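Working notes, structure below.
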Amino acid sequence: MSVATATPAAFDRQGEAPDEARVEAAMRSFATDFGRTAALHLEACVHCGLCAQACHFHVTTGDAKYTPVRKLEPFRRAYQREAGPFAPLVRALGLVKPPTIADLQQWQELIYDSCNMCGRCTVICPMGIDIAELVRDARHGMYKAGLLPERLALMDRTARQWGSPATPAEDLPDILAEAAEAHGVPIPCDLPAADVLMTAAPAELGDHTQALAAAARILHRAGVKWTMHQGGYDASNIGFNNGDVELQERLTRALIDTAVKIGAHTVLLPECGHAYGAARWEAARWYGAKLPVRVVHMTEYLDELISNGRIRVNKIAATATFHDPCQIVRRGGLEAAARRVLAALGFELRELQNHGVTGYCCGGGGGVVSNQRAAPLRQKVFAMKRQQVEATGAERLVTSCGQCLITLEMGAKQTGWDKHPESLMELVAAQLAD
Ligand code: SF4
Ligand code: SF4
C-alpha cells in the first residue's frame, strides 16, 4: 500500500500495523542499535555544520533539511530518551519528545531518498562521526516499522522469496546458458567443485549480461577454475540497503555457505559497491565467525591478475577520468587498485576535482537508484557530476560499480549527454591480449 503526503515529502508504508505499533517497533530497533560506538557518535556532534558542505544532496539543492546530521534527528531523540546518560531524567521531565509517526514518515525521505550512505560526510566530520553508518542503523528501525519506499520494499519481498531482487535461482542456469550463447563464451553454472565462486549484480542477470560475459572471458583467460551457482549468485544484498538485517544475514550466508560447499577459496564479487560493503566488510558480523573464504571485489581481482601476469591487456591511447564508487573506494579502500588497472590499460588519467576518498557519490547508491520517486534529487546530483567530468576534458568516463554505471547512464540519457560511462572490468575484457 502506498500513501502520499501533501507536503513536504512522499512516504510509503507496508502492512496494516497501527501507527503506535510502528513507532514502538522503530524505537525498539533504535534502542538495540545504540551500542557504545553509536552512542559515542551521537554524543560527539559539536554542530559545526561542516557535514552540510560534504553532502551532494545539500550542495545541489541548498536545502537545509539535507544537512547530514539532521538526517539523524529522530534517531538522536530516541537515543536521548532511551539510552543516553540522562535518559530517565529526560523522559521524566519530558525534555525530549519521542519521535511520532509523522516524524518517521517525513524522515523516510531523508534517510532513503536523500542519503546514499556514501560516507563523504563521515570523512569530513572533525569529530569522526560516521553518519553513513548511523543512517544504516536508523534504516533498521524504519524497516521494522514498515516505513520503506515501496520500490525498495518490493525488492525486499522478492529477494526474500528468490534470493535475488530480480531473478529466481531456478532461472539462473537458463540465463547463463543464453548469455553464454549470445556472447560466445562459456559461463559455468552449478559445478560441484571450483576454486572461485563468481557472483553477480541484479542487472547483470537481466539487461546487462555482457558484464557476465566480460567476467567469464577474464576468468577463462587467467585459467581460473570457477563457477556460478544457484545456491548463492546475487551479491547485491538488498537487505543491506533496506535495513532488513534478517535478509542481509540470509543472503550473506548463501554466498559463504555455497562457496564452502563447492570447496571454493574465494567469493568473487561483481562490480557492485554495496555487494562489497555487505560481503567484504559485514559478512563476518552476520556469519557469526571468521569467514572460511576470501571475499574479493572484481577491481582488486583484476589488479592482482594483471600485476602477477596472469592476464595481459592491450593499451588504449586515450584520456580517461574515473568515477570513484563510494563503497569501493571511500569505504572500501580500493582507490589505488582501480588506478593501477587504468594505467595498465594505457589511459592518461585526468582526475575529477573531487576524487578518491573525497569523490562525490553518483547519487544512486544505497538503493536511491531503484527508488523512482527520488529521481529529481538524483538528477540534481548528476548535473554536478557531469560538470566535474566535463571540466577534466577527458575523452572517456570509467567506473567500477554497476549501480554507478546505471545511475550515470540514466543521467546521460535524460540530459542528452554524449558521454557513455564505461565499466573498468568490461574494458579489461575487451583489451585482453594473447
Ligand atoms: S560535521 Fe560532524 S560535528 Fe560537525 S555538525 Fe556535522 S556531524 Fe556534527
Ligand atoms: S552519507 Fe553521503 S548522502 Fe548520506 S548524508 Fe552523508 S554525504 Fe549525504
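Do we find that HIS47 is in a helix (DSSP H, G or I) and either within 16 Å of ligand 1 (Cβ to nearest atom) or touching a Gly at 6+ places or on another chain (Cβ under 6 Å) (or both) in this structure? In short, no. GLN105 meets the conditions (1) touching a strand residue (DSSP E or B) at 6+ places or on another chain (Cβ under 9 Å); (2) farther than 22 Å from GLU20 by Cβ in every case but one. The failed one is (2). Taking the condition within 16 Å of ligand 2 (Cβ to nearest atom), under 21 Å from TYR143 (Cα atoms) and modelled with pLDDT under 90, does PRO68 pass? No, not satisfied.
To keep it simple, each residue is scored yes or no on (1) out of contact with any helix residue (DSSP H, G or I) (no Cβ under 6 Å at 6 or more places or on another chain); (2) outside the structural domain of LEU110 (by TED's automatic domain parsing); (3) part of a helix (DSSP H, G or I).
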{"position": "GLY141", "(1), (2), (3)": "no, no, yes"}
{"position": "THR167", "(1), (2), (3)": "no, yes, no"}
{"position": "GLU178", "(1), (2), (3)": "yes, yes, yes"}
{"position": "ILE187", "(1), (2), (3)": "no, yes, no"}
{"position": "ALA194", "(1), (2), (3)": "yes, yes, no"}
{"position": "HIS208", "(1), (2), (3)": "yes, yes, no"}
{"position": "ALA214", "(1), (2), (3)": "no, yes, yes"}
{"position": "LEU219", "(1), (2), (3)": "yes, yes, yes"}
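Screening ALA320 with (1) in contact with a helix residue (DSSP H, G or I) (Cβ under 6 Å, 6 or more places away or on another chain); (2) under 13 Å from SER400 (Cβ atoms); (3) not basic (Lys, Arg) gives one miss only, at (1).
Residues in the stretch 236-244 include none that are touching a helix residue (DSSP H, G or I) at 6+ places or on another chain (Cβ under 7 Å), assigned to a loop (DSSP other than H, G, I, E, B), aliphatic (A, V, I, L, M) and surrounded by 23 or more Cβ atoms within 10 Å (Cβ to Cβ). Do we have any residue at all in the stretch 85-100 that's closer than 17 Å to MET142 by Cα, surrounded by fewer than 21 Cβ atoms within 10 Å (Cβ to Cβ) and polar (S, T, N, Q)? Yes; the residues of the stretch 85-100 include at least one that is closer than 17 Å to MET142 by Cα, surrounded by fewer than 21 Cβ atoms within 10 Å (Cβ to Cβ) and polar (S, T, N, Q). Condition (residue is part of a helix (DSSP H, G or I) and assigned by TED's automatic domain parsing to the domain that holds LEU408) applied to the stretch 348-355: is it met by at least one residue? So far as the stretch 348-355 goes, no, none of its residues is part of a helix (DSSP H, G or I) and assigned by TED's automatic domain parsing to the domain that holds LEU408. In the stretch 354-378, which residue that is of a type in the set (S, T, N, Q) and farther than 16 Å from GLY332 by Cα is surrounded by the fewest Cβ atoms within 10 Å (Cβ to Cβ)? The qualifying residue surrounded by the fewest Cβ atoms within 10 Å (Cβ to Cβ) is GLN372.
One residue stands out in the stretch 52-65 among those that are more than 12 Å from LYS380 (Cα to Cα) and within 7 Å of ligand 2 (Cβ to nearest atom): the one that is farthest from the chain's Cα centre (by Cα), namely ALA54. One residue stands out in the stretch 89-128 among those that are among the basic types (Lys, Arg) and without any contact (Cβ under 8 Å) to a residue 40 or more places away in the chain: the one that is farthest from ligand 1 (Cβ to nearest atom), namely ARG91. Apart from one condition, MET155 fits all of (1) hydrophobic (A, V, I, L, M, F, W, C); (2) within 25 Å of the chain's Cα centre (by Cα); (3) outside any helix (DSSP H, G or I); the exception is (3). In the stretch 286-304, the residues that are under 14 Å from ALA235 (Cβ atoms) reach residues that are of a type in the set (Asp, Glu) with C-beta atoms within less than 6 angstrom, at least six apart or across chains, in these pairs: TRP286/GLU249; MET298/GLU271.
Summed over the stretch 129-157, the residues that are more than 13 Å from ligand 2 (Cβ to nearest atom) and touching a residue at least 12 places away in the same chain (Cβ under 8 Å) give a count of 16.
Within the stretch 111-128, the set of residues being within 6 Å of ligand 2 (Cβ to nearest atom) and either assigned to a loop (DSSP other than H, G, I, E, B) or under 16 Å from ILE238 (Cα atoms) (or both) comprises CYS115, ASN116, MET117, CYS118, GLY119.
The values are calculated or read from the model by the stated rules, or taken from the named source; none is laboratory data. From a predicted model like this one, the values you see are computed outputs, not experimental measurements. Here Cβ is always computed from backbone atoms with ideal geometry, including for glycine, and neighbour counts include all displayed protein chains.
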